[in-house]
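Here's the structure we're looking at; comments come further down.
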Amino acid sequence: MESTKLRVDILVSNWWAVLLRGVVSLLFGLATLLVPGLSLVALVLAFGLYALADGAFAVAAALRRSTGETRWVHVAEGALQIAAGLVTLRWPNVMVFSLSYLVAAWAMVLGVLRIIAAVRLRKAITGEWLLALTGLGSIALGLLFLSFPAAGAVALGLWVGAYALVMGIALMALGWRLRSWGLQDSEAAHGRGAHAHGASH
């Protein structure tokens, strides 16, 4: 029970990181969908920047944790995204020809890691299904890219944009849920403290 409570407290204290990742994902999705005529090189660079930023937020949030069973999952998720972003930005012209496979591998591994984190937290929070949803969405995107590796830049951009938009909304909802959870827990603790103080007198 103590370890579960600790995991919840750590996750709640980092609600801002979850929310910020949602905002980044949402903005990337909107930008991609509003400018569907992006060239493949521009799409590769945009994906690289998105993966790098999201990965950095994931690692930063994970390193703030003193312990917790899901810490390694978030560190691995962030490291994967940072690596994908750096490779994409370092060799954008090369990645143009393998973008579908890169995104497919990135999305499927990311999806599995998020589902693992959701399963580990299912008994601790009530919004774990939002995290699982982002994992299932990632796996679906990966399968889509594997099924149509030769799709054009417009189609790739729309797929990635729609994915980022949905994931952004889900992560923002999870972030706000965690924030509300923390506020309720804080109010309950304050109430218990006031009651105990009154009883002592």
Quiz prompt | For the stretch 102-116, 3J(HN,Hα) per residue [Karplus equation, 6.51 cos²θ - 1.76 cosθ + 1.60, θ = phi - 60°, Hz, x = Gly/Pro] | solution = 5, 5, 4, 5, 4, 5, 6, 5, 4, x, 4, 4, 5, 5, 4
Quiz prompt | From phi via Karplus (6.51, -1.76, 1.60), per-residue ³J(HN,Hα) for the stretch 40-55 in Hz, x at Gly/Pro | solution = 5, 5, 5, 5, 4, 5, 5, 5, x, 5, 5, 4, 5, 5, 5, x
Quiz item: Ranked highest first by the average count of other Cβ atoms within 10 Å around their residues, in what order do 53-59, 76-82 fall?
Solution: 53-59, 76-82
Quiz item: With labels modelled as points extended 7 Å from the Cα through the Cβ direction, what inter-label distance (nm, one decimal) is found for residue 180 paired with residue 146?
Solution: 3.6 nm
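Laboratory data are not the source of any read-out in this text; all were calculated from the coordinates shown. Small disclaimer: the values here were computed from a predicted structure and weren't measured. All Cβ positions, even for glycine, are placed from backbone atoms using ideal geometry, and neighbour counts span all protein chains on display.
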